[in-house]
Structure formats: C-alpha cells, structure tokens
Amino acid sequence: MSLVRPPIPVVVAQHVEEAGHLRHVRSVLVRSPHVELHRLQRLDDRIAAHLDGIAVAGDFGLKLYLEALETPSAGAVFTLAVRALELKDAALLQRLFAIVAAEPAAERGLLSAFGWVPAQALQGVIRDLLRSGDAAQRAAGLAACVMHRVDPGAAVGAALAESDARLRARALRVAGEAGWVDLLPQVSAACAAEDEAQRFWAARSALLLGDRSAAGLAVLSGLAEGSGVWSDAAAEWLLKVVGVDAARQHLRLWSERAKVAGPAESAGAAARRRLIRRCGVAGDAFFIPWLIGQMQDLAVSRLAGEAFTLITGADLARLDLERKPPEGASDGRFGGPNEDPNDDNVALDEDESLPWPDPERVQGWWQANQVRFPAGQRVFMGDMPSPAQSLKVLREGGQRQRIAAAQWLGLLVPGSKLFQTAAPAWRQQRWLAEMG
C-alpha cells in the first residue's frame, strides 16, 4: 500500500513565490533584446516546474495561492488563474476578475494565464467569457483566442458594435491579429473614433488586413509624430509601410526635436532616443553613418548599435565589433536604475543587455559591407523584408527582433494570424514547425 506524502509547507511556499517572481521576469524578457527563443524556453520550463509543484500540493497549494492574493500582484494573479483554469473553477475565476477590476495593474497577470495554459484548459471557459454580459470578461475571451491563434468567430464583430471603449479597442486589435478581413470596413471606419486607443488599434489592424489607405496612415502618422503613449507603437508600424521619402520626412521631424539643448532627461534627449530607434525600424542604410557617429556617445551608444543591427543584421558580439563596458556602466550613469536609495528612477533600462559597440570596428565593418546596403532600399536584419526572412528571425533572433519579424510577417501576408512572440516557447516552437 503506497502512502501519499503530505506537502512540505516551506517547499510549496517557495514554489508559489518563485512562480510569481518568474512570471514578472518573463514579462521583462519577452521584450528584451538578447533573449532568443531557446532561452525563453528554459525560463518557461522553470515556471512550469514551479506550477506543477504547487498543483501536486493540492488544497494546500491552493491555500497558499489565496493567501498571496492579500496583496494582488500580476504574478500572484497569474499563478492562481492558471490553477483556476486547470481546475475549471468558475467561481475562483470570477473572483479573480473582481480583483483585477479593483487592481487594474494585476490584469496583465490574468490575461497572461489565459495565454499560458493549453487550449484544452480553455474549452468551455472561452465560450462562457465571450457570452458574458461583462465587457471585461468578453475582452479577456477575445484576447485568449488571439493568444492561442484560435478564430473567435462572430464575437469580434459583435464586440465592435458595443459602446464600451475598452471592449471595442480589444475587438479592433483582435480583428487584425486574427486576420478577419471581412471586418475591414468596420475597422477602417473606426480610424475616425474619438478615443485614441481605438484609433490606434483600428489603424494597426487595417494595415494587417491589407488596407494601406490614407485614413489609417494619417492616424498612425499623427500618433507617431506626437509624444503620447501610442507614439512609439504607431511609428513601428508606420515606418514599415510608408515610402522612403515619407519615412525620411518623419525622421527629420524628430531630428529637429533632438537638437533641443538640455540635460540628459530633457525632451531633446528623449527625442534623440526616439530618432535612433526609428532609424532602425525604417531600415534605410542612408542613416548608418549617422548611427555609427551616435555610438561615440555613451548615453545612446548601445541603442545606436541595436538600430545598426536591426538594419544590417550584424551581430556585434559574434563579429567582435563590441568594446568593454565603460566605467560606471553598472551604476545607472548611462540610463536606467541605480543603487542610490535617494534616486526615484526605478524604470527598467531599455538598453540593458545590449552590447557596447566599438565605433571604429563598426566603421571598418561598414566600409567592407556597405555595398550590400544601397541607401533608399528598406532592409530588415540584413536582407529585404520577406516572409522567409521574417521566419528566419523568428527562429534565431532576440525578442525585440522577433517582435519586428512578427510585424513584418503580418504586413507581408495580409489577413494572416499575427505571430504571438510572448506565447509559451513550446507553443511558439510548434507554430514555427507548422509554418515550415
């Protein structure tokens, strides 16, 4: 007769803590420049192991989950939501929706749980969410469909007719990511919406569904030229579809803004960082000499190196085009947080883990290879944008490069399902194998 060993409280508690923490780590790594798919796979395996350890603990594990909700973070909501979906516990799931309604910052954890669990754990759950009278639950159901690349059916069109702004914004987003070409008229019409979020998602989805008309481009251009919350996202899509002259005109605008004198945190410095990033997105080798010049400035050197790689595909580390980190690189002197308890800057450093380019070595490489990159010709990671090139980067690139590759693939194959680069790595591997 076999005996079932009782759970060890300290071990289960560690599983709960680590699962929530690693979920936060993952939310950072899926937007990091240096994380390739195989590295994301290792992290996902660790998260899965902790979640399995909690599941084995049964009711005791569930008790610790509920205790963690006393301070509902995204990580705590994620771990409990995964368990609720595995158990198909509708009451617990409703409780979690009530919690995120009161703590919006924790909503990311709930949505990511829908993306984490396998599709069979969502059978019946998504149907109920899409039929719910609650707008937030219907929006979550639509998001879950897209995360699994499952057709949400008529629920998208129905949500587009609703008055709730967040539900309509989610439906507009989903229409493009799910490839619902039949909804293009409604999507294009929403480019004139008063709500800025709806205008952005409508214009973005219109591009994904094959509409390159002036209305959608005007929305993206207006948002990209501003400095609001949608500026960078709009520029990522706009600069991939407009002609060379329009792209250069947009970049000249930001060049003028970057000339504003002032300290490192000034509007001029922020504009220069935007300009550097957008040069990489535009993919025009015309800007390469200027980017190499920016590598001399330690405040933006790594960012300029990333833009250079996004155009040329040159891996600075593997080609020995990098330098040692300068003195002070780890204390926040060149951006990001530091160890000073009196400094309120706790933001993540977007340049973290990027290599430090050596301007002289990069210049030498460029002189030897620039014939391959004629100015005025859009290039992505060293080659003309194409579905094959996009798939190659999705398999081999870092996460920020993979995000760009998924965007390119969606634009080059209008009406296709947008590749989800934040999905669990094993699911992404399966999708890539199916795509050939």
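The values are calculated or read from the model by the stated rules, or taken from the named source; none is laboratory data. Since the structure is predicted, the reported quantities are computational estimates derived from the model, not experimental observations. No Cβ is skipped: glycine too gets one built from the backbone with ideal geometry, and neighbour counts run over all protein chains shown. Heads up: the accessible areas ignore ligands, DNA and RNA and are worked out on the full protein's heavy atoms, side chains in. Shrake-Rupley method; radii C 1.70, N 1.55, O 1.52, S 1.80 Å.
Are any residues in segment 7-25 under 25 Å from the mean Cα position of the chain (by Cα) and of a type in the set (A, V, I, L, M, F, W, C), and if so, which ones? Steps first, answer last, please.
We begin by selecting, within segment 7-25, every residue under 25 Å from the mean Cα position of the chain (by Cα); these are 17-25.
Matches in segment 7-25: Ala19, Leu22, Val25.
Go through Ala215, Ala233, Ala224, Ala267 for me and flag whichever is surrounded by 13 or more Cβ atoms within 10 Å (Cβ to Cβ) and more than 22 Å from the chain's Cα centre (by Cα).
Ala215
I'd like the full set of residues that are part of a helix (DSSP H, G or I) and either in contact with a strand residue (DSSP E or B) (Cβ under 8 Å, 6 or more places away or on another chain) or touching a residue at least 60 places away in the same chain (Cβ under 8 Å) (or both), limited to segment 406-426.
Gln407, Trp408, Gly410, Leu411, Ala425, Trp426
May I ask you to list pairs of residues, at least six apart or on different chains, whose Cβ atoms are under 9 Å apart, with the first in segment 298-315 being without any contact (Cβ under 8 Å) to a residue 40 or more places away in the chain and the second being assigned to a helix (DSSP H, G or I) and basic (Lys, Arg)?
Ala299/Arg272; Ala299/Arg273; Val300/Arg272; Val300/Arg273; Ala307/Arg277; Ala307/Arg278
For residues that are over 28 Å from Gly243 (Cβ atoms) and not aliphatic (A, V, I, L, M), scanning just segment 270-317, find the one that is nearest to the chain's Cα centre (by Cα).
Here the answer is Arg302.
For segment 318-340, state whether one or more residues are in a helix (DSSP H, G or I), modelled with pLDDT of 95 or more and more than 21 Å from the chain's Cα centre (by Cα).
No, segment 318-340 has no match at all.
From the list Ala169, Ala175, exactly one residue is under 21 Å from the mean Cα position of the chain (by Cα), under 30 Å from Asp89 (Cα atoms) and surrounded by fewer than 24 Cβ atoms within 10 Å (Cβ to Cβ). Which is it? Full working, then the answer.
Numbers: Ala175 fails: surrounded by fewer than 24 Cβ atoms within 10 Å (Cβ to Cβ).
None of the other options fit; the residue is Ala169.
Out of the residues in segment 380-396 that are in contact with a helix residue (DSSP H, G or I) (Cβ under 6 Å, 6 or more places away or on another chain) and part of a loop (DSSP other than H, G, I, E, B), state the one that is farthest from Ala203 (Cα to Cα).
Gly382
What number of residues in segment 270-303 are part of a loop (DSSP other than H, G, I, E, B), open to solvent by 10 Å² or more (accessible area, probe 1.4 Å) and not hydrophobic (A, V, I, L, M, F, W, C)?
2
State the number of residues belonging to segment 141-164 that are over 19 Å from Ala121 (Cβ atoms), of a type in the set (Val, Ile, Thr) and open to solvent by 20 Å² or more (accessible area, probe 1.4 Å).
Residues meeting the conditions: 0.
Quick check on my filter: what residues within segment 170-194 are over 19 Å from His148 (Cα atoms) and not β-branched (Val, Ile, Thr)?
Asp182, Leu183, Leu184, Pro185, Gln186, Ser188, Ala189, Ala190, Cys191, Ala192, Ala193, Glu194
Looking at segment 236-249, can you tell me whether even one residue there is within 26 Å of the chain's Cα centre (by Cα), under 16 Å from Val300 (Cα atoms) and of a type in the set (Gly, Ala, Ser)?
No, segment 236-249 contains no residue that is within 26 Å of the chain's Cα centre (by Cα), under 16 Å from Val300 (Cα atoms) and of a type in the set (Gly, Ala, Ser).
Quick check on segment 410-436: of everything there that is of a type in the set (Gly, Ala, Ser) and open to solvent by 30 Å² or more (accessible area, probe 1.4 Å), which residue is nearest to the chain's Cα centre (by Cα)?
That would be Ala422.
With the condition being without any contact (Cβ under 8 Å) to a residue 40 or more places away in the chain, out of contact with any Gly (no Cβ under 8 Å at 6 or more places or on another chain) and acidic (Asp, Glu), I'd like the helices (runs of 4 or more DSSP H) fully within segment 39-131 carrying at least 2 qualifying residues. Break it down stepwise before answering.
Numbers: elements: 59-68, 74-87, 90-102, 107-116, 125-130.
Of the helices (runs of 4 or more DSSP H) lying wholly inside segment 39-131, those with at least 2 residues that are without any contact (Cβ under 8 Å) to a residue 40 or more places away in the chain, out of contact with any Gly (no Cβ under 8 Å at 6 or more places or on another chain) and acidic (Asp, Glu) span 59-68.
What single numbered condition from (1) more than 28 Å from Ala139 (Cβ to Cβ); (2) in a helix (DSSP H, G or I) fails to hold for His34?
Answer for His34: the failing condition is (2).
Is there a residue being small (Gly, Ala, Ser) and in a loop (DSSP other than H, G, I, E, B) anywhere in segment 366-376?
Within segment 366-376, one or more residues are small (Gly, Ala, Ser) and in a loop (DSSP other than H, G, I, E, B).
Yes or no: segment 88-98 includes at least one residue that is on the phi > 0 side of the Ramachandran plot and either open to solvent by 80 Å² or more (accessible area, probe 1.4 Å) or modelled with pLDDT of 95 or more (or both). First the steps, then the outcome.
First, pick out the residues of segment 88-98 that are on the phi > 0 side of the Ramachandran plot: 88.
In the following step, the residues that additionally are either open to solvent by 80 Å² or more (accessible area, probe 1.4 Å) or modelled with pLDDT of 95 or more (or both) were identified as 88.
Within segment 88-98, one or more residues are on the phi > 0 side of the Ramachandran plot and either open to solvent by 80 Å² or more (accessible area, probe 1.4 Å) or modelled with pLDDT of 95 or more (or both).
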